[in-house]
Structure formats: structure tokens, C-alpha cells
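The values are calculated or read from the model by the stated rules, or taken from the named source; none is laboratory data. Since the model is a prediction, treat every value here as computed from it, not as a measurement. Here the Cβ positions follow ideal geometry from the backbone for every residue, glycine too, while neighbour counts run over all protein chains shown.
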Amino acid sequence: MPSRLALVILVSCLAGLVARPAHAETPVSIELVLAVDTSLSISDFEFSLQMKGIAEALRSKEVIELISVQNGVAMTLIQWAGWTNEMNWIPWRLLKTRQSVLAFAAEIEAVERDRVGYLTGIGTAVEAGLRAIATNRFAGRRRKIDVSGDGRNNAGRSPLVSRIIAQAQGVTINGLAILTDVADLDVYYRQHVISGPHAFVLKAGNYDDFARAMRLKLLRELAPAVSGKRP
């Protein structure tokens, strides 16, 4: 087992790989990566329920109102399993108006499933989210990665390491645990995945419950950081 000093050195080196490049950036209130599990444990129908659930959550009146009071919300969606394919990520979208949110929701609902392996690489998903944030054209006051999935990590780098990298970059990781295969997956996400100020995990009992949980998650993530209160 590597020593603590070796781990710190490793994390420092890895964190440097996803540092922000110097270029002109558009200020926004939040940069949010939606990282969606598409591993073998998820059927095509269940993948469709996830996409429809995210779209439905975005279309809700409360979410649209929260976005409208921000100084811009930048969002992207990535699919992950054992690895990710950047060519098939939905590009970053700047959301300000109802029309821009509805357009993004329609784009998500229509996205095709990306076949990126059979395994579950949560650490891979986090690091893909960090790359997406580091290379975009936005400068968010808050930066967050929203990881949703139905299983524990079984491929790639440990999420324990990836979340240390995220913490060093000032990026918060929140989780949405789908409890279809692992009854206590929310506990695993809490112990191994989430990181950052006010990081949290929400549960979806199954894929039919995904839209409800995602709506609550977006409301909590998008709430203006003006107090300790949450929606």
C-alpha cells in the first residue's frame, strides 16, 4: 500500500494534468457536469429513462426559475462506464433563459447511448468531468460534477483518489445513487465518491424514480449560495 506522502505526490501530479489552460472565459454562476452511468448493468430502456428523467427535471418550473436567477449556468452531459468517449459528450451549453433550458433538455432526451464498455469506472467519470471543466470556456463561481449510477467502482482509478484530485481543484462532487442492484449504494457514494463543501447524495429507488430524484438534486445544486438554506 502506497505511503501517504507517495499518494500526495501522485495526486499533485494528476491534478496538474487537468489544470485550467489560460484562455478567455465567460463568467457564470455554476459549471455543472452531468455524468451518467451507461455500463452493462443498465439496459437501453433504463438508459432512456435516465435521459428522459434529466430532461423532465430540467423542464420543471422550479429548475427553470432557479437557472433564470443565476448569472448563467453552464452544463454538459457525459456518459461513462469503464471509460468515456469525449467525441460523444454533449458540448457545454450556456443556460440562462427558459428557451435555452428547454433546448438543452430536448438535446439530452434525444441523445444516443454511447457504448463505452461494460464496467463501472466512477473514478474515470470524475476525472472526465474534471477534464470537461478544465477545458471549457467558462469560469464558474461554483464547479460541480453530478455522478449518477447503479453500482460500485470496479474499473480504473479508485474514486477515493479522483475525489482528492477534485478537492484540490476546488470542484464539488455530488451523487445520485440508483438502488436497483446495490441496496446501500448511497452509503458507498457517501464514503467513496462525494467531496467538497455541502456535497451530498440523493437516492432513486429505481429508474422510474430517477426523474424525481434528479429534479430534487438539480434544485439543491442550483440553489444560490447566499445562505446555509437549501430548497
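Note down all Cβ pairs under 6 Å where the first residue falls in the range 76-99 and is under 15 Å from residue 30 (Cβ atoms), the second is among the basic types (Lys, Arg), and they're at least six residues apart or on different chains.
Pairs that qualify, where the first residue is under 15 Å from residue 30 (Cβ atoms) and the partner is among the basic types (Lys, Arg): there are none.
Quick check: is even one residue across the range 131-138 more than 20 Å from residue 40 (Cα to Cα), in contact (Cβ under 8 Å) with a residue 40 or more places away in the chain, in a helix (DSSP H, G or I) and in contact with a Pro (Cβ under 9 Å, 6 or more places away or on another chain)?
Looking through the range 131-138, at least one residue is more than 20 Å from residue 40 (Cα to Cα), in contact (Cβ under 8 Å) with a residue 40 or more places away in the chain, in a helix (DSSP H, G or I) and in contact with a Pro (Cβ under 9 Å, 6 or more places away or on another chain).
Here are some conditions: (1) under 15 Å from the mean Cα position of the chain (by Cα); (2) touching a residue at least 24 places away in the same chain (Cβ under 8 Å); (3) in a helix (DSSP H, G or I). Residue 216 meets all but one. Which one does it not meet?
(2)
Give the residues of the range 132-151 that are buried (at least 20 other Cβ atoms within 10 Å of the Cβ) and of a type in the set (Val, Ile, Thr), sorted by residue number.
133, 145, 147
Going through the range 199-213 one residue at a time, which ones are of a type in the set (A, V, I, L, M) and not in a helix (DSSP H, G or I)?
Within the range 199-213, 199, 201, 202, 204 meet the criteria.
Please go through the range 79-127 and give me each residue that is among the acidic types (Asp, Glu), surrounded by fewer than 15 Cβ atoms within 10 Å (Cβ to Cβ) and either at positive phi or under 16 Å from the mean Cα position of the chain (by Cα) (or both), ordered by number.
Selection gives 86 alone.
Evaluate the range 46-61: report whether one residue or more is over 18 Å from residue 171 (Cβ atoms), among the hydroxyl-bearing types (Ser, Thr, Tyr) and at pLDDT 95 or above.
Among the residues of the range 46-61, at least one is over 18 Å from residue 171 (Cβ atoms), among the hydroxyl-bearing types (Ser, Thr, Tyr) and at pLDDT 95 or above, which makes the answer yes.
So is residue 177 surrounded by 22 or more Cβ atoms within 10 Å (Cβ to Cβ), in contact with a Lys or Arg (Cβ under 6 Å, 6 or more places away or on another chain) and either among the hydrophobic types (A, V, I, L, M, F, W, C) or not in a strand (DSSP E or B) (or both) or not?
It is true that residue 177 is surrounded by 22 or more Cβ atoms within 10 Å (Cβ to Cβ), in contact with a Lys or Arg (Cβ under 6 Å, 6 or more places away or on another chain) and either among the hydrophobic types (A, V, I, L, M, F, W, C) or not in a strand (DSSP E or B) (or both).
Just need a number here: residues in the range 13-36 that are within 27 Å of residue 82 (Cβ to Cβ) and modelled with pLDDT of 95 or more.
Total meeting the criteria: 6.
What tally of residues in the range 50-78 results from selecting those that are part of a loop (DSSP other than H, G, I, E, B), surrounded by fewer than 16 Cβ atoms within 10 Å (Cβ to Cβ) and not polar (S, T, N, Q)?
Result for the range 50-78: 1.
Can you go through 49, 66, 58 and tell me which one is more than 27 Å from residue 151 (Cα to Cα) and out of contact with any Cys (no Cβ under 7 Å at 6 or more places or on another chain)?
66
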